[in-house]
Amino acid sequence: AAGVIQSPRHLIKEKRETATLKCYPIPRHDTVYWYQQGPGQDPQFLISFYEKMQSDKGSIPDRFSAQQFSDYHSELNMSSLELGDSALYFCASSVLRDHGNTIYFGEGSWLTVV
Amino acid sequence: AQSVTQLDSQVPVFEEAPVELRCNYSSSVSVYLFWYVQYPNQGLQLLLKYLSGSTLVESINGFEAEFNKSQTSFHLRKPSVHISDTAEYFCAVSATGFQKLVFGTGTRLLVSP
């Protein structure tokens with residue numbers, strides 16, 4: 001079965017640079033989520049979109065922005081990168097009206113800021 | 001708001017021994033409960049979930065978890081672990097009707113021969 005696809009899988013950027021992560025949800029899933037997992041940390045919710053509209057917002061820095069496009073893929077844009085932004089970024093998707101709203105995660109994108 | 005507490009950061013166990021990973025949650029509303037597993041350098045995989053109905057839920061690889069409303073717990077158990085079960089296990093909760101998952105801090109299960 002198709003899963004959540006994230007790209008790139010690994011990314012190295014320098015401080016103050018910009019990075020863009022892409023996410024392709026499972027077909028027919030209408031909700032996309034972004035999570036950030038720092039080294040040795042639990043995943044922290046950043047932001048979510050339902051039908052291309054922002055549906056919830058978590059601990060996302062102002063330097064970050066995200067959007068969901070008409071084909072339901074999503075992009076997380078991170079500017080003025082800091083060393084502390086080094087983390088594993090997960091995208092996940094679900095069907096809102098699915099009982100239990102099971103959320104499926106991608107493999108993650110490793111961002112290293114040097 | 002919801003919160004999850006995983007009391008054990010690391011659980012070492014010998015192969016073929018039983019194991020229990022503890023998870024307690026806090027919420028003022030009804031919740032769904034999940035266990036996710038993360039193998040080294042990999043993403044999060046759903047292990048099992050409790051939505052409603054039977055309080056005992058099982059996964060295809062021998063894990064089970066029991067929802068205990070009075071104790072607000074959702075402990076994960078396996079009667080006999082394998083080396084391949086070595087991974088990080090995250091308990092997570094979402095309020096029914098909402099989507100966002102709140103994770104616990106994770107428990108690293110270390111299975112040795």
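The values are calculated or read from the model by the stated rules, or taken from the named source; none is laboratory data. The structure displayed is predicted, hence computed values, not measured ones. Every residue, glycine as well, gets a Cβ built from its backbone with ideal geometry; the counts of neighbours run over all protein chains shown. Note: areas computed on protein heavy atoms with side chains; ligands, DNA, RNA excluded. Shrake-Rupley method; radii C 1.70, N 1.55, O 1.52, S 1.80 Å.
Over 25 Å apart at the Cα level, from the set A:K13/B:K49; B:K69/B:K100; B:K49/B:K69; B:K49/B:K78, are A:K13/B:K49.
The translational diffusion coefficient of chain A, from Stokes-Einstein at 20 °C and 1.002 mPa s with a Kirkwood hydrodynamic radius over alpha carbon pairs, comes to 153 µm²/s.
Within region A:28-84, the GluC sites (Glu not before Pro) that combine a DSSP coil assignment with at most 14 other C-beta atoms in a 10 angstrom radius are A:E51, A:E82. For region B:13-65, the alpha carbon convex hull comes to 119 Å³ per residue, rounded to a whole number. Chain A and chain B together bury an accessible surface of about 1700 square angstrom, both sides counted, with a 1.4 Å probe and no ligands or nucleic acids included. Taking all protein chains together, A:I103, A:I12 sort by accessible area into A:I12, A:I103, largest first [probe 1.4 Å].
Using the alpha carbons alone, the radius of gyration of region B:1-106 stands to its Kirkwood radius in an Rg to Rh ratio of 0.95.
For the protein assembly as shown, the C-alpha radius of gyration sits at 1.02 times the compact-globule guess of 2.2 N^0.38 Å, with N the residue count.
By accessible area, using a 1.4 Å probe on protein heavy atoms only, the protein assembly as shown has 50% of its surface on carbon and sulfur.
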